[in-house]
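A.B. asks: Quick one: the structure is below, and I'll ask about it shortly.
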Amino acid sequence: MRVLIAFSFLLSVLFLSCQIQNESSSDPILSRIILPKGFHIEKYTVGVKGAREMALGDKGTVFVGTRGGQVYALINKNGDHKADEVKVIASGLNSPNGVAFMDGDLYVGEIHRIIKFEDIENRLNDIPDPIVVYDKFPDKTHHGYKYIAFGPDDKLYAPVGAPCNVCENDNPIFASITRINKDGSGFEIIANGVRNTVGFDWHPITKELWFTDNGRDMLGDDLPHDELNRLSKVGEHFGFPYCHQGDLPDPDFGEMRKCDDFVPPVQKLNPHGAALGMFFYTGNMFPKEYQNQVFICEHGSWNRSKKIGYRISLVKLEGNKSISFEAFADGWLLQDEDIIGRPVALLQMPDGSMLVSDDYSGVIYRISYQ
């Protein structure tokens with residue numbers, strides 16, 4: 001009897017594995033994605049135009065922001081790891097790139113403000129009017145997209161990028177990371193000299209904020225590198241516009257300050273790779289070697305003679321020190337430099353799998369390990 005049960009279990013595992021492999025091999029995008037052995041990629045859903053940041057509701061709803069004005073809700077009714085329904089729950093917004101979920105409410109980060117939809121999962125068929133939480137952000141669209149997230153302190157964090165490629169600005173809110181209380185009070189700037197971060201997370205052990213930052217343009221193909229940074233205390237400065245990648249003085253502003261005055265990156269990332277969403281993996285599905293390690297979406301270069309990025313990267317850490325930077329999921333950039341996808345943001349699911357948004361193809365992928 002035990003042998004029969006074990007044999008039946010083995011058959012079910014093989015059947016599931018074949019299903020995943022068959023889907024991957026027949027799909028023109030999935031068949032090109034290269035992952036480490038044991039990992040699988042499938043489509044969680046399609047038709048999410050311009051998919052950007054994602055947030056998970058208490059009842060399993062995946063909310064997705066965009067830069068095109070819409071916010072989506074992805075509903076999985078039968079637990080098969082695929083969305084059964086895709087709903088537009090808001091439209092006509094000002095580039096609602098950022099979404100975050102707290103206490104039953106969905107917070108949405110537009111360029112100039114943060115709004116929230118109360119009790120959202122119970123009102124998906126009767127969407128409430130949004131409530132303005134904070135509306136004092138600049139309305140500049142250059143690097144104005146908001147990536148938002150609640151930290152371990154229950155405060156809501158949002159960046160304000162530099163309104164330029166490289167410049168000084170008298171308003172200290174530009175090139176910064178900010179935070180507020182969830183009711184919109186208590187605004188403060190916690191990091192300076194951050195040109196454009198569109199992804200951050202907190203170390204699961206130290207609770208320190210880590211974030212990606214995009215380097216300036218027009219210094220050639222290979223300079224400067226994007227950055228993975230760590231904020232160890234409120235008020236630290238990360239160099240922009242005076243110093244890039246920790247050791248490269250800016251040709252226009254570098255004489256004003258020394259690179260030694262600023263916090264260097266933990267890891268230099270690909271130059272112009274457009275490192276966006278990042279997170280620390282804390283689930284139990286992936287092997288132990290991935291625990292508390294950093295995954296980063298490289299959205300892909302736009303101004304490089306030879307394209308770079310278009311992948312998910314992995315930074316392995318020992319304490320606060322990076323020991324490696326390598327590709328984890330690669331293949332959205334073809335050998336002839338055609339593009340079939342641009343990863344933006346990551347979301348860890350309760351089972352330990354990882355969702356990946358792709359604003360180029362409007363797909364949400366699911367990466368799992370077996």
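The values are calculated or read from the model by the stated rules, or taken from the named source; none is laboratory data. Keep in mind that this is a model prediction, so the values were computed, not measured. Using ideal geometry, Cβ is built from the backbone for each residue, glycine included, and neighbour counts are taken over all protein chains shown. When the accessible area is computed, the model is the full protein with side chains, heavy atoms only, and any ligands, DNA or RNA have been set aside. Shrake-Rupley method; radii C 1.70, N 1.55, O 1.52, S 1.80 Å.
Residue-wise test of (1) under 22 Å from Gly352 (Cβ atoms); (2) modelled with pLDDT of 95 or more.
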| position | (1), (2) |
| --- | --- |
| Arg257 | no, yes |
| Val266 | no, yes |
| Asn270 | no, yes |
| Ala274 | no, yes |
| Gly277 | yes, yes |
| Asn284 | yes, yes |
| Glu289 | yes, yes |
| Trp302 | no, no |
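A.B. asks: Among the residues of region 119-135, are any in a loop (DSSP other than H, G, I, E, B), touching a residue at least 40 places away in the same chain (Cβ under 8 Å), open to solvent by 50 Å² or more (accessible area, probe 1.4 Å) and over 22 Å from Tyr72 (Cβ atoms)?
C.D. replies: So in region 119-135, the residues in a loop (DSSP other than H, G, I, E, B) come out as 119, 123-130, 135.
This time we only want the ones that are touching a residue at least 40 places away in the same chain (Cβ under 8 Å), so: 124, 130.
Cutting the leftovers down to open to solvent by 50 Å² or more (accessible area, probe 1.4 Å) gives us 130.
Now narrow it down to the ones that are over 22 Å from Tyr72 (Cβ atoms): none.
Within region 119-135, not a single residue is in a loop (DSSP other than H, G, I, E, B), touching a residue at least 40 places away in the same chain (Cβ under 8 Å), open to solvent by 50 Å² or more (accessible area, probe 1.4 Å) and over 22 Å from Tyr72 (Cβ atoms).
A.B. asks: Can you spot a residue in region 331-339 that is assigned to a strand (DSSP E or B) and either open to solvent by 10 Å² or more (accessible area, probe 1.4 Å) or not basic (Lys, Arg) (or both)? Full working, then the answer.
C.D. replies: First, the residues of region 331-339 that are assigned to a strand (DSSP E or B): 333, 339.
Then drop every residue that is not either open to solvent by 10 Å² or more (accessible area, probe 1.4 Å) or not basic (Lys, Arg) (or both), which leaves 333, 339.
Yes, that holds for at least one residue.
A.B. asks: Of His244, His237, which residue is more than 18 Å from the chain's Cα centre (by Cα), under 18 Å from Val263 (Cβ atoms), open to solvent by less than 20 Å² (accessible area, probe 1.4 Å) and not charged (D, E, K, R)?
C.D. replies: Numbers: His237 fails: open to solvent by less than 20 Å² (accessible area, probe 1.4 Å).
The conditions single out His244.
A.B. asks: Considering only residues that are within 17 Å of the chain's Cα centre (by Cα) and farther than 17 Å from Arg52 by Cβ, look in region 349-365 and name the one that is most open to solvent (accessible area, probe 1.4 Å).
C.D. replies: Looking only at region 349-365, we keep the residues that are within 17 Å of the chain's Cα centre (by Cα), and these are 349, 352-365.
Then drop every residue that is not farther than 17 Å from Arg52 by Cβ, which leaves 349, 352-353.
Working: Met349: 26, Gly352: 1, Ser353: 2 Å².
Restricting to residues being within 17 Å of the chain's Cα centre (by Cα) and farther than 17 Å from Arg52 by Cβ, the top hit is Met349.
A.B. asks: Checking the structure you have, find out if any residue of region 309-323 is over 24 Å from Pro204 (Cα atoms), at pLDDT 95 or above, of a type in the set (D, E, K, R) and more than 17 Å from the chain's Cα centre (by Cα).
C.D. replies: No, region 309-323 contains no residue that is over 24 Å from Pro204 (Cα atoms), at pLDDT 95 or above, of a type in the set (D, E, K, R) and more than 17 Å from the chain's Cα centre (by Cα).
A.B. asks: Then there's this: With respect to Lys146, is the statement that it is at pLDDT 95 or above, within 28 Å of Glu208 (Cα to Cα), in a loop (DSSP other than H, G, I, E, B) and not polar (S, T, N, Q) true?
C.D. replies: Values: at pLDDT 95 or above: yes; within 28 Å of Glu208 (Cα to Cα): yes; in a loop (DSSP other than H, G, I, E, B): yes; not polar (S, T, N, Q): yes.
It is true that Lys146 is at pLDDT 95 or above, within 28 Å of Glu208 (Cα to Cα), in a loop (DSSP other than H, G, I, E, B) and not polar (S, T, N, Q).
A.B. asks: Let me ask something additional. Please work out which one of (1) surrounded by 20 or more Cβ atoms within 10 Å (Cβ to Cβ); (2) over 21 Å from the mean Cα position of the chain (by Cα) is the condition Gly254 fails and give its number.
C.D. replies: (1)
A.B. asks: On the given criteria, is Pro265 in a loop (DSSP other than H, G, I, E, B), closer than 21 Å to Glu236 by Cα and not hydrophobic (A, V, I, L, M, F, W, C)? Spell out the reasoning first.
C.D. replies: Working: in a loop (DSSP other than H, G, I, E, B): yes; closer than 21 Å to Glu236 by Cα: yes; not hydrophobic (A, V, I, L, M, F, W, C): yes.
Answer is yes for this residue.
A.B. asks: Could you check how many residues of region 257-304 are basic (Lys, Arg) and within 18 Å of the chain's Cα centre (by Cα)?
C.D. replies: As a first pass, look at region 257-304 and keep what is basic (Lys, Arg): 257-258, 268, 288, 304.
This time we only want the ones that are within 18 Å of the chain's Cα centre (by Cα), so: 268.
Of the residues in that region, 1 qualify.
A.B. asks: Which of the residues spanning region 310-330 are open to solvent by less than 40 Å² (accessible area, probe 1.4 Å) and not in a strand (DSSP E or B)?
C.D. replies: Correct list: Tyr310 only.
One line per residue, one yes/no per condition, for (1) out of contact with any Cys (no Cβ under 8 Å at 6 or more places or on another chain); (2) farther than 21 Å from Leu248 by Cα; (3) among the basic types (Lys, Arg); (4) open to solvent by 60 Å² or more (accessible area, probe 1.4 Å):
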{"position": "Gly151", "(1), (2), (3), (4)": "yes, yes, no, no"}
{"position": "Leu156", "(1), (2), (3), (4)": "yes, yes, no, no"}
{"position": "Cys167", "(1), (2), (3), (4)": "yes, no, no, no"}
{"position": "Lys182", "(1), (2), (3), (4)": "yes, yes, yes, yes"}
{"position": "Asn196", "(1), (2), (3), (4)": "yes, no, no, no"}
{"position": "Thr212", "(1), (2), (3), (4)": "yes, no, no, no"}
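A.B. asks: Sticking with this structure for a sec: Any idea which of Asp260, Asp183, Asp217 is out of contact with any Pro (no Cβ under 6 Å at 6 or more places or on another chain) and not in a loop (DSSP other than H, G, I, E, B)?
C.D. replies: On the way: Asp183 fails: not in a loop (DSSP other than H, G, I, E, B); Asp217 fails: not in a loop (DSSP other than H, G, I, E, B).
The match here is Asp260.
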